[in-house]
Amino acid sequence: MTPRAFAKVVTANDLRIGDVVYLTADDRWTRHHHLAELIEDEAHAQMRLLHAIAQKSVIVGAYLADARQGGRGPEPVHFREAFRTRGPSNYAHGKQADHV
Amino acid sequence: MYNYSDFDDAFVRARVAQFAQQVERRLDGSLTEDEFRPLPLMNGLYLQLHAYMLRVAIPYGTVSPRQMRQLAMIADTWDKGYGHFTTRQNIQFNWPKLPDVPAILAALADVEMHAIQTSGNCVRNVTADHFAGAAADEIEDPRPYAELLRQWSTDHPEFQFLPRKFKIAITGSPNDRAVTRAHDIGLRMLRNAAGETGFEVLVGGGLGRTPMIGQVVRDFLPVADLLPYVEALLSVYNSFGRRDNKYKARIKITLHETGKEELSRLIEEKFTELRRQFGGNDQRLLADIRAAFAPPVFRTASTDSFDAFYSADPVFRAWADTNLAPHRHPDYAIVTISLKAHGKTPGDATSHQMRLIADLAERHGHSDLRISHEQNIILPHVHKSDLPALHAALSQAGLATANVGLISDIIACPGMDYCALATARSIPIATQIAQRFKTLDIEHDIGPLKLKISGCINACGHHHVGHIGIPGLDRAGVENYQITLGGDGTQTAVIGEKTGPGFAYSEIVPAVERLILAYLNLRLSPEETFLTTFRRLGMLPFKDALYIEKDAHHAA
Ligand code: SF4
């Protein structure tokens, strides 16, 4: 298997609401994974993460999550991150509620 | 029911005020994430996958109708109109917003509730037999002791930073419905030869990463010695428990590494020293607490209407057969309201359901309500003549599912639908299994069966003590479900054995179905339960059903 190329997004939860957010290339926090900045350089990723962590009164629990380029923009790789883009599977709560 | 003293009330309100200020300082940026992190945990607030979660303690599972209505109000005002009852007799709200949490805590304080010590490395909510004070097989109501332990452990200065969290369970019955053997301390009431009551003290039980059944460190502890003994035990654990490795920090590891003899000796030594210091104050307190748990005044009335409905109405009869348990008063029954309607999330109740249950407890149940660790709600005292009306009212609200103790009465932790620690989902597995067996229409034929699902190794869903246990794991980035068989959470507790390789998300429900069909073929008679059959035959025939039939199916 060829090693997967480095590709990450910075994600966190909104400090007030708890909703999942992603860091965009122009330093905003978006609620949509596909609008996140896809970071393909490791050093840059660390810098972006530090930048995120510094925003302590806006977000909580920032980390780097694996991602890949998709049709609309970055897509999650792991199922946990895929769930975080939607919400729970037992009720139409969380992000998926906004899409219906 | 125990009512807060002025002291309790002032303490809880002071904590709410404290936390309100801490939240304010977090929101205005004067507290960093790291500085703030321990504070929500001291108040039961977690950050989960999609939102915050607030865990509220329901001490020993006892809740009044007034409190239940307040929980419904909280669900409507600050959450999404429902609450999730857990295996630790707590309720969790899955969607509170951080700025609202102080208001929620204040609303809880208004009805003598709080979220203190529902997280962190302290003594957690003391859990108890959910049939306490009502069960026909009970020696004595264990709740006064549970309340004594609660008061003693709440904000106990010595035990706020234990090596790890600490869970105590208590039962007053020889038949253990409180899983006492899977707790850090399990207390099981019994009588000695002289007829006096005491506790068998079990230590070092626990599920999770290293599942273990508790061991008896004291065969008979006179009830009057409870507090000094438990304090001695905690104190020894606090000194010897490992703080260097969080996976080795529970008392089960201390027990394992120190040895039962030596640990018992240390506890007894400390106990002798502490016992003198208590000087009878705990017993005076206990006497006051006892008065608060006096049984209701039972009603004398004919039970003919119950008998008539039972023989005439098959739906009522099915419900009565599964959801009622023997009460110590012959004209009464203990009612379990199933929160496991097929296809619904185990343990969830809507605010409407909570209010209805509160009303019904007042109308038919001497205003008493319990939450079971099996994620159902109990009306412990219902006169049999009230059962038909109660059943009719429950039916209207989707609360009359006749499945208590059956395969669809599944314990399931929140799993990866909510929990930040999860490695797989558990709720959809539970709902699919329940629906599948409803479609097959064989769950009454299968009979008593405890199926328990956890979304990770932490085993909040008690899967190790399920007759069938399902832990969900992450195998190379895919959800994978193992199966354990033969677990038992009662007085004959056993940790279930792994069957072998796990199953994919889409394969686990068919796998459970193969297991059950194998059991139906293997049992000697319909009376032989799944667990008894497993104990008689061992793993092999079930493994065959799980793996060989699967391969045969694939080859075909
Ligand atoms: S068992 Fe794991 S997934 Fe389930 S609630 Fe506990 S920590 Fe979360």
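Assorted remarks:
- The fraction of Cα-Cα pairs per 5 angstrom bin, counted from 0 for region B:304-396, comes to 3, 14, 25, 28, 19, 9, 3, 0 percent, rounded to whole percents.
- Share of pairwise Cα separations in region B:485-538, more than 19 Å, in percent: 36
- Förster radius 56 Å - calculated FRET efficiency between B:Leu440 and A:His51, Cβ distance, rounded to 0.05: 0.55
- Peptide B:93-100, shielding by other chains (average Cβ, 10 Å cutoff): 4
- Note on B:Ala103 and B:Asn458: with the Förster distance fixed at 30 Å, the Cβ-Cβ geometry gives a FRET efficiency of about 0.50.
- Projecting the Cα atoms of B:Ser153, B:Gly195, B:Ala72 onto the charge dipole of the protein assembly as shown, computed from C-beta unit charges around the Cα centre, puts B:Ser153 farthest toward the positive end.
- Within region B:411-555, antiparallel bridges make up roughly 65 percent of the DSSP beta bridges whose residues both belong there.
- Antiparallel %, DSSP beta bridges [both residues in region B:142-291], to 5: 75
- Environment charge at A:Pro88 (Cβ cut-off 12 Å; Lys +1, Arg +1, Asp -1, Glu -1): +3
- Euclidean distance between Cα centres, region B:162-209 to region B:16-52, Å: 34
- Within the protein assembly as shown, percent of DSSP bridges classed antiparallel, to nearest 5: 85
- Residues of region A:55-69 buried by at least 40 Å² on assembly (accessible area, 1.4 Å probe, chain alone as reference): A:Lys56, A:Val60
- Loop GluC sites (Glu not before Pro), region B:168-241, which have at most 14 other Cβ atoms in a 10 Å radius of their Cβ (DSSP): B:Glu196
- Our summary of shape: the Cα atoms of region A:8-92 have principal axis extents of 38, 31, 18 Å, ordered from largest down, in whole angstrom.
- Among the cysteines of chain B, those whose beta-carbon sits 4.7 Å or more from every other cysteine beta-carbon are B:Cys122, B:Cys419, B:Cys456.
- Helical runs assigned H by DSSP (4 residues or longer) give chain B a calculated mean residue ellipticity at 222 nm of -11500 deg cm²/dmol, each run adding -39500 (n - 2.57) before division by the residue total.
- For the protein assembly as shown, the Cβ-based charge dipole about the Cα centre amounts to some 900 debye (Lys, Arg positive; Asp, Glu negative; other atoms uncharged).
- Entries in B:Lys246/B:Lys270; B:Lys165/B:Lys438; A:Lys8/B:Lys165 that, when Cα-Cα distance is taken, lie over 31 Å: B:Lys165/B:Lys438; A:Lys8/B:Lys165
- Using the Cβ-Cβ distance between B:Ile139 and B:Glu527 with R0 set to 35 Å, the FRET efficiency works out to roughly 0.80.
- Neighbours of B:Asp34 by Cβ distance under 15 Å: Lys/Arg scored +1, Asp/Glu scored -1, total +2.
- If you take the alpha carbon atoms of region B:105-244 and fit the smallest convex hull around them, that volume is 123 Å³ per residue.
- Over the protein assembly as shown, the pair-distance histogram of Cα-Cα distances with 20 Å bins from zero comes to 18, 51, 28, 2 percent, rounded to whole numbers.
- For B:43-51, mean number of other protein chain Cβ atoms within 10 Å: 5
- Region B:338-412 and region B:449-524: distance between their alpha carbon centers, rounded to Å: 26
- Spin-label model distance (nm) - B:Asn245 vs B:Glu257, 7 Å beyond Cα toward Cβ: 0.7
- Net length available on complete extension from B:Ala476 to B:Ala193 is 96.2 nm, with 0.36 nm assigned per residue and the Cα-Cα distance removed.
- Region B:411-555: radius of gyration and largest Cα-Cα distance (Dmax), Å: 14.4, 44
- Judged by the gyration tensor of its Cα atoms, with axes a ≥ b ≥ c, chain B is rounded; a/c sits under the 1.5 cut.
- Computed log10 I(q)/I(0) for region B:179-311 at 0.09, 0.18 Å⁻¹: -0.39, -1.02, from the Debye equation with unit scatterers placed on every C-alpha and solvent omitted.
- Distance-filtered residues of region B:477-501 - backbone nitrogen under 13 Å, label point 7 angstrom along A:Ala82 Cα→Cβ: B:477-480
- Solvent-accessible area per residue in the protein assembly as shown equals 40 Å², computed with a 1.4 angstrom probe and all protein chains kept.
- Ranked by the mean number of other Cβ atoms within 10 Å per residue, highest first, peptides B:141-149, B:253-261, A:69-77, B:291-299 order as B:141-149, B:253-261, A:69-77, B:291-299.
- Modelled spin labels at B:Ala312 and A:Ser89, positioned 7 Å past Cα toward Cβ, are 4.6 nm from each other.
- Distance between the 7 Å Cα→Cβ label points at B:Arg37 and B:Asn3: 4.3 nm.
The values are calculated or read from the model by the stated rules, or taken from the named source; none is laboratory data. Values in this document were obtained by computation on a predicted structure and should not be read as measured data. Glycine gets a Cβ as well: all are built from the backbone with ideal geometry, and neighbour counts include every protein chain shown. Keep in mind that these areas ignore ligands, DNA and RNA; they rest on the heavy atoms of the full protein, side chains included. Shrake-Rupley method; radii C 1.70, N 1.55, O 1.52, S 1.80 Å.
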